[in-house]
1. In degrees, nearest 10, range 0 to 90: what is the angle between the Cα axis of helix 21-33 and the longest Cα principal axis of the chain?
2. Residues of segment 78-127: accessible area per residue at 1.4 Å, in Å²?
3. Tell me, what ³J(HN,Hα) does each residue in segment 71-83 have, in order and in whole Hz, if you take phi through Karplus 6.51 cos²θ - 1.76 cosθ + 1.60 with θ = phi - 60° and put x for Gly and Pro?
4. Note the listed values (i) 11.9; (ii) 8.1; (iii) 13.7, then indicate which one is mean projected area of the Cα convex hull in nm² calculated from this particular structure.
5. Mind listing the long-range amide H neighbours of K58? Cut-off is under 5 Å, sequence gap 5 or more, other chains count too, H placed in the peptide plane at 1.01 Å from N.
6. What's the FRET efficiency of T83 with D120 using the Cβ-Cβ distance as r and R₀ = 35 Å, to the nearest 0.05?
7. Ignoring ligands, DNA and RNA, what percent of the accessible area of segment 95-148 is carbon or sulfur (1.4 Å)?
8. Toward the positive end of the charge dipole of the chain, about the Cα centre and with charges on Cβ (Lys, Arg +1; Asp, Glu -1), which of P110, F62, N28 goes farthest?
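The values are calculated or read from the model by the stated rules, or taken from the named source; none is laboratory data. Note that the coordinates shown come from a computational prediction; the quantities given were computed from them, not determined experimentally. A quick note on method: Cβ atoms are made from the backbone with ideal geometry, for glycine too, and the neighbour counts reach across all protein chains shown. Ligands, DNA and RNA are stripped out before the accessible areas are found, and what is left, the full protein with its side chains, is counted by its heavy atoms. Shrake-Rupley method; radii C 1.70, N 1.55, O 1.52, S 1.80 Å.
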Amino acid sequence: MPISPVPLRERFLNSLGQITEPWRKWLNEISASSIPYHKFKSVIYTATKVLTAADFGKVIKFNNGTNNVGCLLPSVGEMDVDTWIIIMRVGTGSLTIQAADSDTIEKSGPGGKLICDEVDRVCANVWLYLATETKWAILGGTGIWKAF
C-alpha cells in the first residue's frame, strides 16, 4: 500500500504544542507500513555438531564453557554457492570448525579447519561465505582464528 506524501505544507505543531492532524495521520501511516526489521536466526549448541544446509543463513552459537568442541561444516555443492553462516564461540574452550570433503576455509588446506583457542576471549565469531563449491571465505569476525 503506498504511503501518502509528507504533509510539508502543513504545520507540524499546533498552538498547544501538539502534532497536527495531517502529520499525526502521516506518522501513523508510516509506522504501520514500515518494513519490519529482520533478526538473525540463531541456534545454540553445547557440544560438537555436524551442520547441514538447513543451518545456512543462521548464527550458530557454541556455548562451550571451558570445553573444547567442534563444528563440522556440511558437504556443499553448486546449489549452495553464495550462502553464508556465522559461527560463534561463547566460552573459553577451543572451537574447531572443520571443512567437509576437500573444501577450504580461507588459507586452509583441503579439508581444512579453523581453530579459535584464544584464552582470554569469552566470545569470538566468524562469518563464513561459500564463494565457490569448495571455497569458504571469511567475511568478518572477532577473535583469533587459525587456519590449518
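1. Its long axis makes an angle of about 20 degrees.
2. Per residue, segment 78-127 has an accessible area of 47 Å².
3. Karplus values, whole Hz, x for Gly and Pro: 10, 9, 5, x, 5, 10, x, 4, 5, 8, 4, 6, 9.
4. Identified label for the calculated read-out: (iii).
5. I86
6. The value I calculate is 0.60.
7. 57
8. The listed residue farthest towards the positive side: N28.
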